[in-house]
Structures are given as structure tokens and as C-alpha cells.
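A short write-up of the structure that comes next.
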Amino acid sequence: DAAQFGAAFTRGLRAGGVAATAKHFPGFGAAPANTDLGAVRIAVGLRELRAVDRLPFKTAVRAGAGLVMLSSAIYPALSKAPAVLSPRVVQRELRDGVGFGGVTISDDLEAPAFASRGGAPGAALAATRAGVDLLLFARSYRGADRAARALAAAVRAGQVDRGALEQSLALYERGVQLSR
């Protein structure tokens, strides 16, 4: 059972001083394609997402997972936006529904799925506004740099709440402390 194996793996990582990351919320089991290669829609009903796909995340969180990675797939039952860019998915489904209080992390914001959403800078802004704490850029320094500049400009312009970013930093720092 994925939930049992995930919980055991999480406990083992924590015992070794490593912060565990559960991924890809809200669930990847029914994905028809690899989200690293393009935009993917996962057409699973809300009842199944909550009853089946959520369970491994709940057990991993109870076992001490300090991070949860959000999926870049679109789940029409939850949102028209990719999960990582959706406040409903991040706040209502993960934070409230699972009870997760740790660090949320994006999947690669330079993935092709975000090309039509302003690339790395647009995806970074949307993910931050959705409540994602830690942004991942796996392909290039340039994408991360462009996203950081866009976030700084948005904070200066009052388009992104500086307090929310400081809260994300505090969560991250607390998570790092817990994993040592």
C-alpha cells in the first residue's frame, strides 16, 4: 500500500536526519503522461482525489514529512489552473484538507507546462500567490534569476505580500531545523 510505504520511508528519512518530501500533491497515480514534458490534465473526480489520492499524503504528513511538492498537472475537479498555481489546491486541499503545516514546494517551474503562463517568472508569481513556500527551478540559473527579479518587483509594487514571503521563509527555516 502506497500510504504505508510512504509513511515508513518518511520515518526512515527523519531518523537519518533528512527532511522527507511527499510528492506530487494532490496525486499522480492517474496521470496519462509525464508532466516534465508538457501540460497534463488528470481527470479524476473530487471524491476519488480526496478518498484515494489524498491518503498517502495524510499518512506521510502524520509520519513527519516536512515538505509537500505540488503537482504541475491540472485537476479539473479542483481548478482550471495547475495544482501548484491554485490557491484552492494549496490552501483548501493541502493545508486545510490534509492538515499540512510544513513547507510547500513547487515542481520545476521551468517545465513546458508553464510556457503559456509567463514562463518561470509568471509561474513563480502565480505559485507564490497560491501559497507555495519554496520555488524549484531545475533547468537553469537564468530562469530562477528571472523569477527572483519578477518576485522582487512584485513585492516592491505591492502585488505580492512581503509578510507571506517572510512566513514562507520562517516555515522553511523551521523545517530545516527539524531535519537536523
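The values are calculated or read from the model by the stated rules, or taken from the named source; none is laboratory data. Since the model is a prediction, treat every value here as computed from it, not as a measurement. When we count neighbours, we look across all protein chains shown, and the Cβ atoms used for this are built from the backbone with ideal geometry, even at glycine. Calculation scope for accessible area: heavy atoms of the full protein, side chains included, ligands and nucleic acids excluded. Shrake-Rupley method; radii C 1.70, N 1.55, O 1.52, S 1.80 Å.
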Study note, to complete from the structure: Counting every C-alpha pair in segment 1-102, the percent lying more than 21 Å apart is 30
Point to revise | Counted charge near Arg95, where neighbours are those whose Cβ lies closer than 14 Å (Asp, Glu -1; Lys, Arg +1) | key: +1
Practice item. Quantify, in whole percent, the carbon and sulfur part of the accessible surface of the chain (1.4 Å probe; protein heavy atoms only). Key: 54
Review point. For the chain, list the DSSP H helices whose alpha carbon atoms reach 20 Å or more along the long axis and whose average Kyte-Doolittle value is -1.0 or above?
Key: 141-156, 162-179
Check your understanding: How would Phe5, Phe28 rank on accessible area, largest to smallest, probe 1.4 Å?
Key -> Phe5, Phe28
Check your understanding: Between Val52 and Asp36, what is the label-to-label distance in nm when each label sits 7 Å out along the Cα-to-Cβ direction?
Key -> 2.5
Review point. How large is the accessible surface per residue of segment 45-92, computed with a 1.4 Å probe and reported in Å² as a whole number?
Key: 42
Practice item. Report, largest value first, the span of the C-alpha coordinates of segment 107-180 along each principal axis, in whole Å. Key: 36, 28, 19
Review point. Quick one: Cα centre-to-centre distance for segment 142-162 and segment 38-114, in angstrom?
Key: 24
Check your understanding: Hey, of [x] 16.9; [y] 20.7; [z] 16.4, which did the structure itself give for Kirkwood radius over Cα pairs in Å when calculated?
Key -> [z]
Revision key, fill the gap. The simple spin-label model distance between Arg162 and Ala115, using points 7 Å out along Cα→Cβ, in nm, is 3.7
Review point. Per-residue ellipticity at 222 nm for the chain, helices alone: DSSP H runs ≥ 4 residues times -39500 (n - 2.57), over residue total, nearest 500 deg cm²/dmol?
Key: -12000 deg cm²/dmol
Review point. Relative to the present Cα-Cα distance, how much length would full extension add between Ala43 and Gln4 at 0.36 nm per residue of separation?
Key: 11.5 nm
Practice item. Sum up the charges of everything whose Cβ sits under 13 Å from the Cβ of Lys23, counting Lys and Arg as +1 and Asp and Glu as -1, but leave Lys23 out. Key: -4
Check your understanding: When Lys and Arg each count +1 and Asp and Glu each count -1, what net charge do the other residues less than 14 Å away from Leu55, Cβ to Cβ, add up to?
Key -> +1
Review point. To the nearest 0.05, what FRET efficiency results for Ala170 and Lys80 with a Förster distance of 45 Å applied to their C-beta separation?
Key: 0.90
